[in-house]
Amino acid sequence: MKDNKTVFPIIVICLFAALIAVPWILHVAGADKKAQEAPTGEIRTLAEFPKEYSNDWFGKINSFVNDHSPMRASIISVVNGMNTSLRNFYTDKVMRPVMEKMAERQQANATPTPEPGGEGTTPEPTPTPDFSGLFGDETEEPVPEETATPTPEPTETPTPTPTFTSTPEPTEAPTDTPEPTETGSGEPSVTPVPGVTPTPEPTAAPTATPTPTPTNTPEPTPHTHVYGASEVVTRATCTVQGIETRKCLVCGHMETVTTPPIGHKYSTIRSQTASYAHDGYTLDRCSNCGDVKVNNIVYRTSLAGFYNSRTPIVYSGAGFKGIHDWYFYAGDDSLGYVQGTNVLTLGEMRAWMETFEDLQTECDKKGISLVILVCPNKEQVYQEYLPSGIDLSKSDDQKRESIMAAYMKENSRVKYVYPLQQEKTAKILYETYLQQDTHWNSVGGFIGAMQVYQALGKPTTGLQKVEVIEGDYAGGDLVSLGVGDATHYTGYTVNYKPEIKVRTTWTFSNNITGGNQTVTGELKILESDSPNKHTALIIGDSFRHAICGYIAKDYSKVYVTHRSDFDTTSNYQMDEAGNVTPSGRRIVHEALRELGEGDLLLVMAVERYDSANENAAWMCTQYLRAH
């Protein structure tokens, strides 16, 4: 019996050792056959063997062993396949019926979009884009409602152009004033005839009626009205008629005059010829009211041969090439977002909403304005440049973030912003993302900032009212990630409110960016001479760099932080004087403690990291509750 108890553990240990050794044995056995493992879909650089000793030497050895274990890629591929199968089963059998009902309600209220052509095709832009969200709150210059106009010298000729409205004029009385007629007694009234005195009817009990004493007031003399110059009550605009009044210089009679709308007077202020790199259009502005219209749109996708260079997707480095030198990122399930295969379950959306609602409650206690911003993935905005083999048959409102945004709008009071349609519309005028980079550019960040302001009910500035400077750009982070070679393309810089100066008063990079102190460090504080003397805290990822400068023009102090700055071990460096900088957590907590009435808390993430918004919101909630 004792021997059996001893043998059994030995057998278990041997089986466990054999199980661990199987990958190594198969790897060695297949080495001569040059067997290739399945791709893992990971987008990162595998750990290298440490060349010299350091404090984290054992950790680096562990990372090297993990990354170079035999059949590691095959095992990861099998696990990923199992996860995908389980997720697809749950999506199709459990969650899809609920989502279809929500999509039907959304589609009933949504603007119809072109029907895509199925797998491997790219839906073309909406034929009638809505530019109303891009041109600010006021498309016309303000027009004074009333203008005090001094009365000029009398003139004999009234103004012929205006249309006269019917205004009662003084009625000339007859020479002989008739007696007043009694009504309401049931008897028919008698109409007096001039020059004839009517005979009164006999009554049963006549009463003495006093005879009115005639007056000697002179009657107005009939004349032709002679009007002075008109006084403006409401000035006519391009689309609304005006109202003026004028007075007769003889008798004082007032007359109301309506003037027709003056009509728009458009001239072209910018034009773009359609090419494979840009849509074509003319941007026309009215010289009277400042209204702006986009006319003569020619979509790049309508040009002959636009899709001729499309080939099946080929992964390279961290992503893949599209057509016409556009590069795309492949990590973090980016294709799942654009294909609509990773939509959230109803339970997941409810859980996220509850987290955001909890943070909203804490913000309300201090009067803080909260906005949750999701920056669209580049693949969503520029689908036309994607290679073939990607299923784009689902419309935007059938995909993960569009469904989540609609769910939040219908069920929550939290301001949840997903500016996909605005970014797609704005790209007709200027590109909104960098051609060979994963991020949005200066224009994309500007559109995002204005959508945040719109959600807050704050004034917004139109894209046509800011100076957009073109520049020559080359490459981007996707080039450094091995997708392809750098080529030149057009980039943009938005000169927003140049009269307000922004200063970077504190900046440090942490271990996320290699510990280098740079202008675009992970953690920084911006201050400006904005007339709005409130504070904003931005918690997000790298997409925050293209938006924080605009926020700093409208808030006098802005904390710009990465969501990982909540980490207590953030490794901020020592400065040249030997002073150790505070941790990221301390800076974020100081900012949260400072926020109060009228301040802004902006929690933001790119679409492929949308779940990070919930995590950041939860951490903010915990801190605000404790303080």
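The values are calculated or read from the model by the stated rules, or taken from the named source; none is laboratory data. Nothing here was measured: the structure is a model prediction, and the numbers come from that model. Note: ideal-geometry Cβ built from the backbone for every residue, glycine included; neighbour counts use all protein chains shown. In case anyone asks, the SASA skips ligands and DNA or RNA and just uses the protein heavy atoms, side chains included. Shrake-Rupley method; radii C 1.70, N 1.55, O 1.52, S 1.80 Å.
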Any residue on another chain or 5+ positions along whose placed amide H is under 5 Å from the amide H of R270 is listed here as L283
In the full protein assembly as shown, how much of Y623 is accessible to a 1.4 Å probe, in Å² to the nearest 10?
-> 20
Modelled label-to-label distance, A229 and A474, 7 Å Cα→beta-carbon offset: nm?
-> 6.4
Under 17 Å from a point 7 Å along the Cα-to-Cβ line of A277: which residues of the stretch 372-397 have their amide N that close?
-> 385
Roughly how many percent of the accessible protein surface of the stretch 356-488 is carbon and sulfur, given a 1.4 Å probe and a whole-percent answer?
-> 46
Accessible area in the full protein assembly, largest first, 1.4 Å probe, for Y276, Y327 = Y276, Y327
Modelled label-to-label distance, E499 and I262, 7 Å Cα→beta-carbon offset: nm?
-> 2.3
How much accessible area does R285 have with a 1.4 Å probe, in Å² rounded to the nearest 10?
-> 70
Where T561, T282 fall by accessible area, highest first, once all protein chains stay in place (1.4 Å) | T282, T561
For the modelled label position 7 Å from the Cα of T345 along Cα-to-Cβ, which residues of the stretch 390-421 have backbone nitrogen atoms closer than 14 Å?
-> none
So how much accessible area does D325 have, in Å² to the nearest 10, using a 1.4 Å probe?
-> 80
Compute the Rg to Rh ratio over the stretch 287-385 from the alpha carbon atoms, using the Kirkwood formula for Rh, and round to two decimal places.
-> 1.14
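Taking 0.36 nm per intervening residue step and subtracting the Cα-Cα distance, what contour gain separates T361 from D485 on full extension?
Gain in length upon complete extension: 39.8 nm.
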What length, rounded to one decimal in nm, is gained on full extension from V7 through to D130, with 0.36 nm per residue of separation minus their alpha-carbon distance?
-> 36.6 nm
Gap separating the Cα centres of the stretch 393-437 and the stretch 467-496, nearest whole Å = 23
For the stretch 523-557 and the stretch 259-323, compute the distance between their C-alpha centroids and round to whole Å.
-> 31
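Per 0.36 nm of contour for each residue apart, how much would the distance between D332 and E52 grow if the chain were fully extended, relative to their Cα-Cα spacing?
97.5 nm
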Would you compute the Debye intensity of the stretch 366-498 from its alpha-carbon atoms alone, equal scatterers and no solvent, and pass along log10 I(q)/I(0) at q = 0.09, 0.16 Å⁻¹ to two decimals?
-> -0.32, -0.94
Considering only protein heavy atoms, with the full assembly of protein chains and a 1.4 angstrom probe, order I547, I469, I525 by accessible area, largest first.
-> I469, I525, I547
